[in-house]
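Trainee: Dumping the structure here so I can ask a few things about it.
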4 protein chains.
Amino acid sequence: MKVLVTGFEPFGGEEINPSWEAVKALPDELNGATLLKVRLPVSFKRVREILPRLIAREKPDIVLLTGQAGGRPNVTVERVAINVMDSTMPDNDGFKPEDEPVFEGAPDAYFATIPIKDVVKALRKARIPAGVSNTVGTYVCNTAMFTALHTIAVSGMETKAGFIHVPFSHAQALEKPRPSMAQETINEAIRKALESLLE
Amino acid sequence: MKVLVTGFEPFGGEEINPSWEAVKALPDELNGATLLKVRLPVSFKRVREILPRLIAREKPDIVLLTGQAGGRPNVTVERVAINVMDSTMPDNDGFKPEDEPVFEGAPDAYFATIPIKDVVKALRKARIPAGVSNTVGTYVCNTAMFTALHTIAVSGMETKAGFIHVPFSHAQALEKPRPSMAQETINEAIRKALESLLE
Amino acid sequence: MKVLVTGFEPFGGEEINPSWEAVKALPDELNGATLLKVRLPVSFKRVREILPRLIAREKPDIVLLTGQAGGRPNVTVERVAINVMDSTMPDNDGFKPEDEPVFEGAPDAYFATIPIKDVVKALRKARIPAGVSNTVGTYVCNTAMFTALHTIAVSGMETKAGFIHVPFSHAQALEKPRPSMAQETINEAIRKALESLLE
Amino acid sequence: MKVLVTGFEPFGGEEINPSWEAVKALPDELNGATLLKVRLPVSFKRVREILPRLIAREKPDIVLLTGQAGGRPNVTVERVAINVMDSTMPDNDGFKPEDEPVFEGAPDAYFATIPIKDVVKALRKARIPAGVSNTVGTYVCNTAMFTALHTIAVSGMETKAGFIHVPFSHAQALEKPRPSMAQETINEAIRKALESLLE
């Protein structure tokens with residue numbers, strides 16, 4: 001088994017991105033599976049180039065993408081990615097698309113192909129607050145999730161793919177009254193999610 | 001040095017109270033000070049009896065009260081207690097006071113006598129999200145804080161007293177999208193707060 | 001021009017549904033268009049029967065569905081409906097589907113075919129707080145929106161369809177600290193949205 | 001009967017302050033009482049000069065102060081003002097006090113002397129979402145409320161005084177997903193509050 005697991009670089013003025021911190025902390029092997037850990041740029045353009053290449057070359061059995069959802073209080077497993085890029089906040093390349101498709105002619109949306117409710121159950125069993133989210137937004141996180149699911153769908157691969165959003169880590173919210181989570185717990189969440197997918 | 005440190009029993013349908021879990025986990029001695037750990041009932045009537053007796057008998061140098069503020073995302077150090085008991089949610093005795101004074105003839109309010117900003121700084125330095133709160137509410141937490149400060153004020157003691165509110169622990173928010181914090185972090189918060197008070 | 005405009009009956013213990021109150025208050029003709037006003041049941045099963053029949057029979061040029069999104073602070077124009085029914089809260093028939101498709105074999109999602117950003121602009125121009133929402137949830141609102149868009153898509157009609165969520169009205173939030181909006185403003189929002197669609 | 005009723009000038013980058021808009025819209029006489037309408041500066045220093053002079057000169061029977069609490073979803077009647085000025089956001093004079101008393105040697109706090117629960121009931125009866133707030137903050141609003149109550153207390157006057165916070169008006173929240181209220185409803189709230197105080 002081979003798993004491609006990604007986190008994002010920091011964005012929006014933050015110095016870290018807890019999703020990449022969690023992915024970086026994973027071992028290279030987990031329950032017999034090889035983990036390929038990749039840090040993605042917060043770039044609409046580049047995630048659409050990098051992910052299809054990676055998936056084609058590595059042919060992973062599972063793609064687990066992770067990102068930061070600042071303001072959410074719990075770990076959320078995303079249900080659906082939509083074919084739109086729409087943001088008033090520029091990405092790290094300075095790009096602010098308005099209502100552009102991720103891929104011209106692609107379907108309006110793809111559901112995650114990982115068992116989202118099972119992942120939520122596994123997280124809660126590990127005492128980590130978690131739930132399903134019905135929107136991954138229209139920023140780069142959505143573009144990454146849509147790109148992975150579309151790439152897999154059009155190539156006819158069996159690969160399962162999904163996206164997990166994590167809250168701010170405590171270090172990002174020391175002085176602001178915003179929900180946040182210990183980085184250790186975020187790390188544990190991503191690891192437990194992977195373990196449940198490998199079962 | 002002697003420190004009276006209290007947490008509350010569970011209330012509002014919860015099975016645990018993270019404030020008492022944190023106090024229970026403290027050692028009996030910390031930085032040379034003796035810790036007297038007490039679990040308070042969520043009872044307007046009984047905290048007004050228990051705290052004055054405890055303070056008169058034990059003559060602590062510091063009184064640190066702690067409680068659960070479900071819904072708050074960070075650890076909050078309370079600035080002020082007010083002379084009112086007002087709640088539409090009954091306490092654990094089934095009592096729902098409306099706009100009654102904690103103590104007839106007492107001042108309208110007391111400021112915490114611990115250095116609240118220093119405690120906040122110590123918590124943030126320990127990488128724990130924290131801030132000052134300007135209201136401890138009008139439920140039993142406020143009654144406990146008001147009772148301690150009033151008891152100390154009228155007896156002419158030098159004892160410093162204050163109140164720290166902690167968020168829900170993760171175990172209380174597994175299935176609800178509410179802010180929560182790892183119990184380990186809550187435990188660390190109360191310990192770090194005490195250490196900063198003992199410096 | 002003919003417009004089918006719907007609101008929902010009350011649900012979740014509420015006595016009114018501000019979406020139907022707003023639709024009920026509309027005139028029968030607006031800017032030369034005939035308005036067909038319908039109150040929908042909060043029923044996964046029945047909206048999937050009623051809406052296709054209504055659309056086939058009436059052949060409206062525009063379908064504007066509206067519903068209540070308690071807790072949201074502003075009027076939201078929905079971007080996308082997804083092919084899932086998932087709820088832990090029963091509908092008004094007592095039905096609680098888990099991860100069932102709205103229609104077997106239908107696409108994963110449909111984008112609204114009304115110009116959502118133009119409606120948002122028209123609402124803001126009328127001094128009503130508004131924005132785009134990227135999730136209409138997985139309850140009956142989503143089922144209604146999905147059903148309308150799917151019915152139109154498979155029948156090859158030119159009808160434009162979309163969904164607008166309105167906040168609680170003040171009458172629903174008198175004693176709870178939840179965002180709400182004057183019913184008059186909600187009424188005005190639905191009317192202004194229709195006017196912008198009829199331009 | 002004479003009533004001093006105040007609102008604040010805009011602050012924090014806003015172009016209007018809905019509290020002053022509401023006060024400005026009041027008649028000069030209401031239910032037989034003369035209304036003295038004053039716009040206060042958002043200045044820690046100047047409200048402490050202006051309010052004592054006004055109260056001494058006008059000898060009002062009632063002082064109703066109003067201000068904007070951006071982010072709150074309902075109209076809140078404040079219970080208590082505290083003897084502290086503490087802000088990281090500068091006032092309109094550029095002043096950012098840290099933990100300074102409003103008046104040296106004054107009590108820690110004063111309770112509002114208007115019947116806060118009666119005002120809340122009157123607002124709800126007028127279909128306006130309202131509640132009691134236990135903190136008026138530590139910014140200029142608190143300083144104004146503390147100054148009025150302290151001035152009245154030390155002069156031995158019979159004047160009743162209190163503070164009402166209003167949400168953002170819709171015009172301030174058109175493009176941001178923050179709670180807000182129609183200015184007409186805010187105007188009505190302040191008028192209904194005054195009427196209930198004049199009964």
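Trainee: From the residues in the range C:123-136 that are more than 16 Å from A:Asn134 (Cβ to Cβ) and of a type outside the set (A, V, I, L, M), which one is surrounded by the fewest Cβ atoms within 10 Å (Cβ to Cβ)?
Mentor: Looking at the filtered set, the residue picked out is C:Lys125.
Trainee: So D:Val120 passes all but one of these: (1) farther than 25 Å from A:Glu175 by Cβ; (2) within 14 Å of chain B (Cβ to nearest Cβ); (3) surrounded by fewer than 21 Cβ atoms within 10 Å (Cβ to Cβ). Which condition number does it fail?
Mentor: (3)
Trainee: While we're here: Quick one: in the range A:173-186, which of the residues that are more than 12 Å from A:Val23 (Cα to Cα) and not in a loop (DSSP other than H, G, I, E, B) is least open to solvent (accessible area, probe 1.4 Å)?
Mentor: Result: A:Met181.
Trainee: Suppose we filter A:Ala161, A:Ala148, A:Ala109, A:Ala189 for residues that are among the hydrophobic types (A, V, I, L, M, F, W, C), open to solvent by less than 10 Å² (accessible area, probe 1.4 Å) and more than 22 Å from A:Ala33 (Cα to Cα); which single one remains?
Mentor: Only one candidate passes the filter, namely A:Ala109.
Trainee: For the range A:30-43, state whether one or more residues are open to solvent by 20 Å² or more (accessible area, probe 1.4 Å) and in a loop (DSSP other than H, G, I, E, B).
Mentor: Yes, the conditions are met somewhere in the range A:30-43.
Trainee: Provide a single number: the residues in the range B:57-94 that are within 14 Å of chain A (Cβ to nearest Cβ), basic (Lys, Arg) and in contact with a Ser or Thr (Cβ under 7 Å, 6 or more places away or on another chain).
Mentor: Residues in the range B:57-94 being within 14 Å of chain A (Cβ to nearest Cβ), basic (Lys, Arg) and in contact with a Ser or Thr (Cβ under 7 Å, 6 or more places away or on another chain): 0 in total.
Trainee: Return yes or no: is D:Gly7 among the small types (Gly, Ala, Ser) and either open to solvent by less than 30 Å² (accessible area, probe 1.4 Å) or touching a Lys or Arg at 6+ places or on another chain (Cβ under 6 Å) (or both)?
Mentor: Taking the combined requirement at face value, the residue satisfies it.
Trainee: Six or more apart or on different chains, Cβ atoms under 8 Å: show the pairs whose first residue is in the range D:1-17 and without any contact (Cβ under 8 Å) to a residue 40 or more places away in the chain and whose second is open to solvent by less than 10 Å² (accessible area, probe 1.4 Å) and part of a loop (DSSP other than H, G, I, E, B).
Mentor: D:Pro10/D:Asn17; D:Pro10/D:Val42
Trainee: Another question about this same structure. Working only within the range A:12-40, note down all residues that are within 18 Å of A:Pro90 (Cβ to Cβ) and in contact with a strand residue (DSSP E or B) (Cβ under 8 Å, 6 or more places away or on another chain).
Mentor: The answer is A:Glu14, A:Asn17, A:Leu40.
Trainee: Does A:Ala106 satisfy being of a type in the set (A, V, I, L, M), farther than 29 Å from A:Arg178 by Cβ and either without any contact (Cβ under 8 Å) to a residue 24 or more places away in the chain or within 13 Å of chain C (Cβ to nearest Cβ) (or both)?
Mentor: Against the criterion (of a type in the set (A, V, I, L, M), farther than 29 Å from A:Arg178 by Cβ and either without any contact (Cβ under 8 Å) to a residue 24 or more places away in the chain or within 13 Å of chain C (Cβ to nearest Cβ) (or both)), A:Ala106 qualifies.
Trainee: Being more than 21 Å from B:Asn134 (Cα to Cα) and either touching a helix residue (DSSP H, G or I) at 6+ places or on another chain (Cβ under 9 Å) or within 14 Å of chain B (Cβ to nearest Cβ) (or both) is the filter here, so list the residues in the range D:137-160 that pass it.
Mentor: D:Thr151, D:Ile152, D:Ala153, D:Ser155, D:Met157, D:Glu158, D:Thr159, D:Lys160, listed by residue number.
Trainee: Out of C:Val38, C:Val42, report the one residue that is within 22 Å of C:Phe11 (Cα to Cα) and without any contact (Cβ under 8 Å) to a residue 40 or more places away in the chain.
Mentor: Going through C:Val38, C:Val42 in turn, the sole match is C:Val38.
Trainee: Still on this structure, please answer the following. Taking into account only those residues within the range C:161-199 that are in contact with a helix residue (DSSP H, G or I) (Cβ under 6 Å, 6 or more places away or on another chain) and farther than 24 Å from D:Pro73 by Cβ, which is farthest from the other protein chains (Cβ to nearest Cβ)?
Mentor: In this case the residue turns out to be C:Ser196.
Trainee: Could you check how many residues of the range B:135-169 are among the polar types (S, T, N, Q) and touching a strand residue (DSSP E or B) at 6+ places or on another chain (Cβ under 7 Å)?
Mentor: The number of residues fulfilling the criteria is 5.
Trainee: Right, something else. Scan the range D:53-78 residue by residue and report those that are in contact with a helix residue (DSSP H, G or I) (Cβ under 8 Å, 6 or more places away or on another chain) and either part of a strand (DSSP E or B) or closer than 25 Å to D:Gly12 by Cα (or both).
Mentor: Passing the criteria: D:Ile62, D:Val63, D:Leu64, D:Leu65, D:Thr66, D:Gly67, D:Gln68, D:Ala69, D:Gly70, D:Val75, D:Val77, D:Glu78.
Trainee: Now a separate question. Of a type in the set (D, E, K, R) and modelled with pLDDT of 95 or more: does that describe B:Lys176?
Mentor: Taking the combined requirement at face value, the residue does not satisfy it.
Trainee: Tell me which residues, restricted to the range A:142-172, are closer than 23 Å to B:Leu174 by Cβ and not in a helix (DSSP H, G or I).
Mentor: A:Gly162, A:Phe163, A:Ile164, A:His165, A:Val166, A:Pro167, A:Phe168, A:Ser169
Trainee: Out of the residues in the range B:10-25 that are surrounded by 15 or more Cβ atoms within 10 Å (Cβ to Cβ) and within 14 Å of the chain's Cα centre (by Cα), state the one that is farthest from B:Phe168 (Cα to Cα).
Mentor: B:Val23
Trainee: Six or more apart or on different chains, Cβ under 6 Å: which pairs go from a residue in the range B:48-71 that's under 17 Å from B:Ile116 (Cα atoms) to one that's surrounded by fewer than 20 Cβ atoms within 10 Å (Cβ to Cβ)? Could you list them?
Mentor: These pairs meet every condition: B:Asp61/B:Met1; B:Asp61/B:Lys2; B:Ile62/B:Lys160.
Trainee: So C:Asp93 fits all but one of (1) closer than 23 Å to C:Glu184 by Cβ; (2) surrounded by fewer than 18 Cβ atoms within 10 Å (Cβ to Cβ); what number is the exception?
Mentor: (1)
Trainee: Checking the structure you have, find out if any residue of the range A:129-136 is more than 7 Å from every other protein chain (Cβ to nearest Cβ), within 18 Å of A:Val47 (Cα to Cα), part of a loop (DSSP other than H, G, I, E, B) and touching a residue at least 12 places away in the same chain (Cβ under 8 Å).
Mentor: yes
Trainee: Another one. So, in the range A:149-160, exactly how many residues are over 19 Å from A:Val77 (Cα atoms) and among the basic types (Lys, Arg)?
Mentor: Summing the residues that are over 19 Å from A:Val77 (Cα atoms) and among the basic types (Lys, Arg) in the range A:149-160 gives 0.
The values are calculated or read from the model by the stated rules, or taken from the named source; none is laboratory data. None of these values were measured; they are calculated from a predicted model. All Cβ positions, glycine included, derive from the backbone under ideal geometry; neighbour counts span all protein chains shown. Each accessible area value is taken on the protein alone, full model and side chains, heavy atoms only, with ligands, DNA and RNA left out. Shrake-Rupley method; radii C 1.70, N 1.55, O 1.52, S 1.80 Å.
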